[in-house]
Structures are given as structure tokens and as C-alpha cells.
1. What lysines does residue 77 reach when the alpha-carbon gap must be under 27 Å and sequence neighbours fewer than 8 apart in one chain are set aside?
2. Just 120, 15, 98 to compare: in a GNM of the chain, with alpha carbon springs under 10 Å, which one fluctuates most?
3. Would you calculate the separation in nanometres between label points at residue 18 and residue 96, each defined as 7 Å from the Cα along the Cα-to-beta-carbon direction?
4. Which entry is the computed Cα extents along the principal axes in Å for this structure: [x] 59, 30, 21; [y] 70, 35, 28; [z] 47, 40, 19?
5. Within the chain, which DSSP H helices have Cα atoms that stretch 18 Å or more along the helix axis and a mean Kyte-Doolittle hydropathy of at least 1.6?
6. At R0 = 35 Å, how high is the FRET efficiency between residue 72 and residue 116 if r is their beta carbon distance? Nearest 0.05 is fine.
7. Normalised by the residues of the stretch 1-142, what does the relative contact order come to in percent, with Cα pairs under 8 Å and at least six apart?
8. With a 1.4 Å probe and every protein chain left in place, work out the accessible area per residue of the stretch 1-76 in Å², rounded to a whole number.
Amino acid sequence: MQEKYPQKPGLDFILKQAFYYWNRTLLFQVMFSIIYFAVFFTAFFFFVDYYGISSYNAELIDAFRKGQEAYLEQVQKMGTTENVIYFDYAFSGILIFLYPLNLGFFQIYKKIDLKEPISLGDLFAGYKGLNFFRYVSYFLFGLCFLD
């Protein structure tokens, strides 16, 4: 009877496995964070300067001092400008470009399970071959239905 219906693993086993994976991938998590935030903030501040978004800060601060309604009205007015719309597209592009980087951890976890050597290149598995276009399309699909 026990062979037909095996027991599910307990919480202690799950936590032990989670800590094992976390411990084995700690260096890759640090590298992921450095790469992700370096690319994200570099591209973000480039597009903020390129589209002149930082020039709206003074207007928003003045509107905020007047009250919440004035602030919301200024935000709506700002949101209809051409530069802010293009910045929104650029910001979405940054997130779309960085999404496959998250998926490299699945490659690393798979290699840990198979006891294969792990390299930094495994972190970029989401960008190899057609994987990039496949994962970007998943991201866009999810973005369309979750918004």
C-alpha cells in the first residue's frame, strides 16, 4: 500500500533542499544582482535623460505642495506627453530585455541536480538561441493579460 501512495516530503526536507540550493547558488545570485541592477539603472537613467523625464520633477513637487488633487492632475497631464509615453515603452523594453536573465537559475538548478559543473554562462541560458525570443514572448503574453 505504501508503494502505491508514496508520502509527500515534509517541511523539513523542503527547507533543507531550499537552503542547499540557496547555498550552492549564492555566488550566482550576487552576480545576477550586479548584472541586473547595472543594466537596469544604466538604461533607466539613460532613458530618463534622453526623454527629459527629470525636468518634470519640479512641476510635480510644486503640484504636490498644492495638494493631492493638483498632484494627480499634473501626473495625468504629464502622462499624456509624447516623451513620457516613449519613456514608458523604453522602460517596458528594459524589463523585457532583462526577463530571460531570471531563467538562468533554472539551468543552474538543473545542473546541480545532475551534478554537472556550473559556470557563469549558465546564468545567461535565457539568451541562448531561440530561448530569448521564446521567453520574451512569454513575458509579453503575461504582461498583456496581467495588466
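1. Partners found: 66.
2. Taking springs between Cα atoms under 10 Å, the residue moving most is 15.
3. 3.4 nm
4. [y]
5. Working: long enough: 11-24 (20 Å, -0.21); 26-51 (37 Å, 1.83); 82-102 (31 Å, 0.89); 131-146 (22 Å, 1.27).
Once both thresholds are applied, what remains is 26-51.
6. Values: r = 54 Å, r/R0 = 1.55.
Using R0 = 35 Å, I get an efficiency of 0.05.
7. Details: 83 pairs, mean separation 30.4, N = 142.
For the stretch 1-142, the relative contact order is 21 percent.
8. Working: 6450 Å² over 76 residues.
Result: 85 Å² per residue.
The values are calculated or read from the model by the stated rules, or taken from the named source; none is laboratory data. Keep in mind that what you see is a predicted model, and the values were worked out from it rather than measured. Every residue, glycine as well, gets a Cβ built from its backbone with ideal geometry; the counts of neighbours run over all protein chains shown. With ligands, DNA and RNA removed, areas are computed over all heavy atoms of the protein, side chains included. Shrake-Rupley method; radii C 1.70, N 1.55, O 1.52, S 1.80 Å.
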